[in-house]
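Below: one structure, written as structure tokens.
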Amino acid sequence: MAKDNLTFFTSLAVVFLFTMMLCTEAHSNTNTVTSNTVSGTVTTVDKTPPTASAPPFSVMQNDSCAIPASIGIQSQVFGIATAKTFEDVDCSKRKYAKLLYQFGMKIAAVNVLCTDPIVFKSMMRSGSPCPAGNGLIGQEAQDYWDANPEERPDYEEWKKTKIDVPKEEKAVDNDGIKNFALMALSMLLIL
């Protein structure tokens, strides 16, 4: 029920913004310059629209796992700009593994990398299973992963290959599309 409400209000907001963009008259700030000359009066009108510029945002380190992003949006009346950083999780894992390796903790470094399903599968395929349990390596680690497959990082994918479970057919949810269509039709009737 909450998902339907969220879909309805999101659709309502999109239609409202779309309608506002189409139905508003655009006026720009004007600068009028008048000058008198011998042959007559010359009037120059400079129509400059307002702008919102996204703030320049950068990370000032070469060794950072932060990804900067900024955006600016401007309408005829209102403008907004913002910026944020996002953490690259894979980059952080590599940095942690590098740091652990430099401290001489090689098994811990490999274990950090093995939390990624791609690395885990490649280690298993190469015959060098990821460390498991309390520092188990080699054949002991392989036996641990065989006995406790639910702890594998790629468990969902592994489960599909090991167990033939009949696939459930997913019902298509068209309620969001219906709500959006009804809302758009009602907005057209109101106009």
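Throughout, read-outs are computed from the coordinates displayed, never taken from laboratory work. Because the structure is a prediction, the values reported are computed rather than measured. No Cβ is skipped: glycine too gets one built from the backbone with ideal geometry, and neighbour counts run over all protein chains shown.
Working note: Karplus 6.51/-1.76/1.60 with θ = phi - 60° gives segment 85-92 the couplings 10, 10, 8, 7, 5, 5, 4, 4 Hz, where Gly and Pro are set to x. In this simple spin-label approximation, Gln61 and Tyr155 carry label points 7 Å from Cα along the Cα→Cβ vector, and these lie 3.3 nm apart. Each of Cys91 and Gln139 was given a label point 7 Å from its Cα along the Cα-to-Cβ line. The distance between the two points is 4.3 nm. For segment 89-162, the mean projected area of the C-alpha convex hull, equal to one quarter of the hull surface, is 5.0 nm². The calculated FRET efficiency for Ile118 paired with Val14, based on their beta-carbon distance and R0 = 45 Å, is about 0.80. The Cβ shell under 13 Å around Val119 holds other residues with a net charge of +2, Lys and Arg each +1, Asp and Glu each -1. Could you tell me which of the pairs Lys106/Lys160; Lys84/Lys106; Lys95/Lys162; Lys121/Lys160; Lys95/Lys160 are separated by over 23 angstrom between their Cα atoms in the structure shown? Over 23 Å Cα-Cα: Lys106/Lys160; Lys84/Lys106; Lys95/Lys162; Lys95/Lys160. The chymotrypsin sites (Phe, Trp or Tyr not before Pro) of segment 84-160 that DSSP puts in a loop, and whose beta carbon has at most 14 other beta carbons within 10 Å, are Phe103. Put a dot 7 Å past the Cα of Ala181, heading toward its Cβ, do the same for Arg125, and the two dots end up 4.5 nm apart.
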